[in-house]
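J.: Structure in structure tokens, see below.
What follows is calculated from the coordinates using simple rules that are stated; it is not laboratory data. Remember, it's a predicted structure, so these values are computed and weren't measured experimentally. Please note: Cβ atoms are built from the backbone with ideal geometry, for glycine as well, and neighbour counts cover all protein chains shown.
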Amino acid sequence: MLPDYPYIPVAGKYFCTQSSFASLVWTLLIKAKHFHLNSLGINRRQVPAILKSIIRYRYRTAAGTADTLQLPAFGQLCIRVHRGHKVINFSTLTATKVFDPGTAASAASNEINAIREAASLDFAPGLIEVDPQNHWYTEKFIPGDRSLKTEQSDPASIYKNKIADHLYQMISSKPVLTRGLVEYLRELRALLFQQLIRSQLDDELTTRIQGFIQTTAARLERNEDIAIYLAFTHGDFSFVNFLYMDDGIAVIDWESAKQRSILQDLYNYFLTELYYRRTRSNLLCEIDDAISMLSTRLASFNPELSRNMKEFKDAYRWLYYLERMHTLLDRETSTAQTNVIKQSLDVFEKHESSLSGHNGE
């Protein structure tokens, strides 16, 4: 494919100037509810501005503007995502990820492999086409309703009735790896400090992150060199990546999927609820119950894994903090992302404080 489809920015999104008006009106007005466009940040009030912008572009004499995107995929809508843009074609129900030109070949390859691995799960988008040479891939677009970040939730109930089975499927779908804690921690710390050196974070935040890494690593080092289990994980498993449909919950955005500590997604699910303050509980009992529930489910699959998960749940929680920080530092540096890192540290530290008080330490 050649980069010959122009997209212009309107209301924080990009729209293809080569879309037919009939198709665009059909998508943005008639089928808006079916495609859950509100979940994508598009509402009916924006439609006139979108159409006017496309008309102005088509009848101007200049070939384009500085903020016009040229992408090698056609769709009605384009959204900026990590390391590139995602083009959504509502006619074919596909979403094409186009990597930024400067994206390292290894990063693009790792992401494509992650999407390919996730595609085997029935609640993840299916992979349709891949072109590593031209840095893009196409997956199935799943219309669904995202929960609002502001609404109160009951994470324990949602976990029990809808999410627990997804976690079990992820863990049992791929081979589970066994690693020594000391070796895995050494590798993780090295990666984190390399990321900090390359990051553009200010000195104060860098120092805070370094201190948090050291404190968390010291807690882990108090354990003997225990065996830990690494399983296939999403990496950002939380309600912000859930699509609610009549027949269940689909999970999207698998770009960061890979082998991590086995409770990584479970902790991320619950602590994201604390991050967005969607629950009034500190979730201490809810997390313990969720671990017990998952452990019981896994007992028939791997009894030793089940025992290890419950016995060393504290170590897995501390590993989660470090793995999550690794994922956050891998994102593009921006004011918004810096705030995410700061608030995540606040949640981690507050959660540890709650546990200390709960245990009477």
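J.: Taking 0.36 nm per residue of sequence separation and subtracting the Cα-Cα distance, how much length would be gained by fully extending the chain between Gln70 and Arg116, in nm to one decimal?
T.: Details: separation 46, 0.36 × 46 = 16.56 nm, distance 2.61 nm.
Fully extending the segment from Gln70 to Arg116 adds 14.0 nm.
J.: Dipole magnitude of region 5-140 about its Cα centre, charges +1 at Lys/Arg Cβ and -1 at Asp/Glu Cβ only, in debye to the nearest 20?
T.: 800 debye
J.: Angle, helix 284-299 long axis vs. longest principal axis of the chain, Cα atoms, 0 to 90°, nearest 10?
T.: 90 degrees
J.: Follow-up. Can you tell me the convex hull volume per residue for region 1-121, based on C-alpha atoms, in Å³ to the nearest whole number?
T.: Normalising the Cα hull of region 1-121 by residue number yields 122 Å³.
J.: Something else: In square nanometres and to one decimal, what's the mean projected area of the convex hull around the Cα atoms of region 155-356?
T.: Approximately 11.2 nm², given one-decimal rounding.
J.: Give me the distance in nm between label points sitting 7 Å out from Cα along the Cα-to-Cβ direction at Asp346 and Thr178, one decimal.
T.: 4.3 nm
J.: Given the -39500 (n - 2.57) contribution per DSSP H run of 4+ residues, what per-residue ellipticity at 222 nm results for the chain, rounded to the nearest 500 deg cm²/dmol?
T.: The helix contribution divided over the chain gives -14000 deg cm²/dmol.
J.: Next question. Need the list of lysines near Lys310 for cross-linking: C-alpha distance under 24 angstrom, and skip anything on the same chain fewer than eight residues off.
T.: Within reach: Lys160, Lys162, Lys174, Lys258, Lys350.
J.: Let me ask another. Nearest 20 debye, what's the magnitude of the dipole of the chain about its Cα centre given +1 on Lys and Arg Cβ and -1 on Asp and Glu Cβ?
T.: 1280 debye
J.: Same structure again: Counting other beta carbons within 10 Å of each Cβ, put Met309, Met293, Met245 in order, fewest first. Let's see the in-between values first.
T.: Values: Met309 24, Met293 17, Met245 14.
Arranged by neighbour count, lowest to highest, Met309, Met293, Met245 become Met245, Met293, Met309.
J.: Still on this structure, I have one more. So for the chain, taking the charge dipole from beta-carbon charges (+1 Lys/Arg, -1 Asp/Glu), which of His36, Leu319, Ser120 sits furthest toward the positive end?
T.: Result: His36.
J.: Within 10 Å of each residue's Cβ, count the other Cβ atoms and sort Val240, Val47 from fewest upward.
T.: In order of increasing Cβ crowding within 10 Å: Val240, Val47.
J.: Name the residue from Tyr275, Ile262, Tyr14 whose Cα lies farthest towards the positive end of the charge dipole of the chain, charges +1 on Cβ of Lys and Arg and -1 on Cβ of Asp and Glu.
T.: Tyr14
J.: Here's a follow-up. Positive end of the dipole of region 1-142, charges at C-beta (+1 Lys, Arg; -1 Asp, Glu), about the Cα centre: which of Ile88, Ala108, Val98 has its Cα farthest in that direction?
T.: Of the candidates, Ile88 comes out farthest on the positive side.
J.: If you don't mind, there's one more thing I want to ask. Could you tell me which of the pairs Lys13/Lys97; Lys13/Lys86; Lys33/Lys97; Lys13/Lys52 are separated by over 19 angstrom between their Cα atoms in the structure shown?
T.: Lys33/Lys97
J.: Also, quick follow-up: Under 10 Å, Cα contacts only: if you run a Gaussian network model on the chain, which one of Phe90, Phe312, Phe141 comes out with the highest mean-square fluctuation?
T.: Phe312
J.: So for Thr327, Thr333, fewest C-beta neighbours within 10 Å to most, what's the order?
T.: Lowest to highest Cβ neighbour count: Thr333, Thr327.
J.: For the chain, what number results from the quotient of the Cα radius of gyration and 2.2 N^0.38 Å?
T.: The chain yields a ratio of 1.06.
J.: While we're here: Relative to the Cα centre, what is the charge dipole magnitude of region 131-286, using +1 at the beta carbon of each Lys and Arg, -1 at the beta carbon of each Asp and Glu, and rounding to the nearest 20 debye?
T.: 300 debye
J.: Oh, and also: Have a look at Phe242, Phe193, Phe270 and tell me which one the Gaussian network model of the chain (Cα, springs below 10 Å) gives the largest fluctuation.
T.: Of the options given, Phe193 has the highest mean-square fluctuation.
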